[in-house]
Amino acid sequence: MSTPEQESDTGLRARLVDVGVELVAREGAQALTLREIARRAGVSHGAPRRYFPTHLELLSAIARRGFGELAERATAATAANSDGPTTPREQLTALGHVYLEFALGNPGMYELMFRHDLLESGHLGLRDTSLPLFGRLVDLVGRVRPDADPRLVAGALWANLHGIAQLWGWGSLQLATGADDFVPLLRSALDAHLGAESE
């Protein structure tokens with residue numbers, strides 16, 4: 001039987017990322033040290049550096065998993081089919097709902113994913129995973145608001161969704177609005193950026 005240090009390079013690299021994903025889910029982004037990931041993976045504290053020369057590269061690989069999961073959920077939620085949303089506005093609603101559910105259900109990963117001060121987004125394909133999500137948002141916004149710069153409107157909508165996620169996660173929005181569900185806030189954000197939905 002091989003020891004963790006004797007695993008194939010691909011296997012150990014993937015396991016280090018798996019351990020990081022598990023650690024961020026349980027303890028948050030602040031727990032993601034090379035030493036702790038190595039300890040939980042059962043390897044020497046220097047082993048991760050063979051696969052991730054910098055701490056930022058390992059954090060970026062972990063965040064890439066989060067973006068991949070969010071992208072899968074977004075694709076499934078916005079797929080236009082007989083059971084799913086059919087108009088761009090319905091797809092944006094579904095996308096916003098998935099985004100907020102992901103943020104609130106995965107607070108540690110969500111925090112890491114958008115901490116560009118902690119990540120090397122140009123490495124490990126992180127931008128290749130994150131930018132298409134924003135591109136999808138831009139495309140849908142452009143179809144609903146052809147009168148505006150879709151990148152700017154999508155950016156403002158994304159910032160609004162991010163704010164809802166953060167403030168809801170902290171309990172501030174529930175206190176301020178009396179809401180017990182984020183859906184009315186999502187609707188209000190979409191109305192603010194896209195115009196009121198026509199009947």
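Can you pull out the residues in the stretch 60-104 that are at pLDDT below 90 and more than 17 Å from the chain's Cα centre (by Cα)?
Selection gives ALA79, ALA80, ASN81, SER82, ASP83, GLY84, PRO85, THR86.
Check off (1) at pLDDT 95 or above; (2) loosely packed, with under 15 Cβ neighbours inside 10 Å for LEU131 and give me the number that stays unchecked.
(1)
Take the residues in the stretch 12-35 that are touching a residue at least 12 places away in the same chain (Cβ under 8 Å) and more than 19 Å from ASN106 (Cβ to Cβ), then tell me which one is surrounded by the fewest Cβ atoms within 10 Å (Cβ to Cβ).
My answer is THR33.
Would you mention how many residues in the stretch 36-55 are outside any helix (DSSP H, G or I), crowded, with 17+ Cβ neighbours inside 10 Å and either in contact with an Asp or Glu (Cβ under 8 Å, 6 or more places away or on another chain) or of a type in the set (A, V, I, L, M) (or both)?
The total comes to 2.
Hey, LEU92 hits all of (1) under 27 Å from GLY195 (Cβ atoms); (2) assigned to a loop (DSSP other than H, G, I, E, B); (3) not polar (S, T, N, Q) but one; which does it fall short on?
It fails just one condition, (2).
Looking only at the stretch 56-78, how many residues end up being without any contact (Cβ under 8 Å) to a residue 40 or more places away in the chain and buried (at least 22 other Cβ atoms within 10 Å of the Cβ)?
Matching residues across the stretch 56-78 total 0.
The values are calculated or read from the model by the stated rules, or taken from the named source; none is laboratory data. Predicted, not measured: the structure shown is a model, and the values here were computed from it. Using ideal geometry, Cβ is built from the backbone for each residue, glycine included, and neighbour counts are taken over all protein chains shown.
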